[in-house]
Amino acid sequence: MNRRVYLAAAGSAAVATVAGCTAVGEVGEDLFGDPEYDIGMSRNEFLPDDFEATVGDTVVWMNTSEADHTVTAIESSVPEGADYFATGDYEDQQRAEAAWHDHHGGRLGTRDTFEHTFELPGTYDYICVPHVRGGMVGRVIVSE
């Protein structure tokens, strides 16, 4: 292989990676183009903000932005008998919100992931605690 061609290609790949993109797909995709997550995050929104799942599915969130985020279920929206979920594995919304405000508990840094398996059908609303005032809310709709 021509050394200059190889170095030029390697340099382009390095620049693309530093700039936040890859030659094989979007950030958050593996080499085969399959997403590593179901729900991403911009500065002030979940992408998508509504997500459909089936009972037994594990949903994966990834912080695809440069800001810190949380995934914090709105406790009143969690169907009766379903497990509460929040980054940091807090038992309820009050503890999750207090932990964020006290010491950034439940923080998802850039490219960090969080996952939750939904065992019961229903609608699960959730927020990003530091960005809820900016409208960062999401919903997972789980069907049988």
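The values are calculated or read from the model by the stated rules, or taken from the named source; none is laboratory data. Just so you know, these numbers come straight off a predicted model, no measurement behind them. Here the Cβ positions follow ideal geometry from the backbone for every residue, glycine too, while neighbour counts run over all protein chains shown.
Every condition in (1) hydroxyl-bearing (S, T, Y); (2) out of contact with any helix residue (DSSP H, G or I) (no Cβ under 8 Å at 6 or more places or on another chain); (3) more than 18 Å from E45 (Cβ to Cβ) is met by Y84 except one, and the failing one is (2). Picking from E115, E97, which residue would you name as being at pLDDT 95 or above, crowded, with 16+ Cβ neighbours inside 10 Å and not in a loop (DSSP other than H, G, I, E, B)? That would be E97, the only listed residue that is at pLDDT 95 or above, crowded, with 16+ Cβ neighbours inside 10 Å and not in a loop (DSSP other than H, G, I, E, B).
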